[in-house]
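Participant: Please read through the structure below; I'll follow up with questions.
The values are calculated or read from the model by the stated rules, or taken from the named source; none is laboratory data. The structure displayed is predicted, hence computed values, not measured ones. Neighbour counts run over all protein chains shown; Cβ positions are idealised from the backbone, glycine included.
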Amino acid sequence: MNIQAQEIKKADRTKSKQAQELATLTRALSHCCLDKEERICQSFGLHAADGRVLAVMQCDNAVTPSEVAEHLGIGNSRVTPLIDRLVKKGLVSRTESGQDRRVKQLTLTEDGRAIAERLQEYEAELHENLLGHFPPAKRRFLLDSLHELRAAMDSVRRSIES
């Protein structure tokens, strides 16, 4: 085997090891983020999925269950029990659309909006604390790298879906 072929084989092994390391890291980061989300929501007596619904609804005055499901990337049948639970807790109100009675409009109640804002503030504080573990000069690099990783992950996801 010539030197060039050996170098290519070595580079391939390195890339494979790096891919395994990336898989391990992204899995650990995902687990950490999900755990953090669950703990934050539990402190407000909610499930993590409830917090995600509130966050989606915080951005708009009124949304439909289908819009919530689409934004969360879940099916309508999975979003219905989430919304039912939030309605029962008095955090979300459900009304018929003025244009089509079959369509339900969802809005946050005052309590729902207050909790959504508190969840957002709490999460922001945690992330500020997290960034505090990095010197200011590395923060921008970290964030830029994460944006690049996110774009690459979206690209891979789209290629898998097609």
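Participant: Mind checking which residues of region 105-162 are of a type in the set (Asp, Glu) and surrounded by 12 or more Cβ atoms within 10 Å (Cβ to Cβ)?
Facilitator: Within region 105-162, 111, 117, 123 qualify.
Participant: Restricting attention to region 119-141, report how many residues are within 20 Å of residue 37 (Cβ to Cβ) and part of a helix (DSSP H, G or I).
Facilitator: Of the residues in region 119-141, 13 are within 20 Å of residue 37 (Cβ to Cβ) and part of a helix (DSSP H, G or I).
Participant: What is the residue count in region 142-162 for residues that are part of a helix (DSSP H, G or I) and at pLDDT below 90?
Facilitator: Of the residues in region 142-162, 2 are part of a helix (DSSP H, G or I) and at pLDDT below 90.
Participant: Another one. Would you mention how many residues in region 99-113 are among the charged types (D, E, K, R) and more than 16 Å from residue 85 (Cα to Cα)?
Facilitator: The total comes to 4.
Participant: Given the conditions (1) exposed (fewer than 12 other Cβ atoms within 10 Å of the Cβ); (2) part of a helix (DSSP H, G or I); (3) hydroxyl-bearing (Ser, Thr, Tyr), report the number of the one that residue 80 does not fulfil.
Facilitator: (1) is the only condition that residue 80 fails.
Participant: While we're here: Give the residues of region 94-104 that are in a strand (DSSP E or B) and surrounded by fewer than 15 Cβ atoms within 10 Å (Cβ to Cβ), sorted by residue number.
Facilitator: Passing the criteria: 94, 95, 96.
Participant: Here's another thing I want to ask about it. Being surrounded by fewer than 19 Cβ atoms within 10 Å (Cβ to Cβ) and within 12 Å of the chain's Cα centre (by Cα) is true for just one of 73, 51. Which residue is that?
Facilitator: After ruling out the rest, the residue left standing is 73.
Participant: Select from region 55-70 the residues that are out of contact with any strand residue (DSSP E or B) (no Cβ under 8 Å at 6 or more places or on another chain) and without any contact (Cβ under 8 Å) to a residue 24 or more places away in the chain and write down the one among them that is surrounded by the fewest Cβ atoms within 10 Å (Cβ to Cβ).
Facilitator: 59
Participant: Just need a number here: residues in region 43-60 that are of a type in the set (D, E, K, R) and part of a helix (DSSP H, G or I).
Facilitator: Result for region 43-60: 2.
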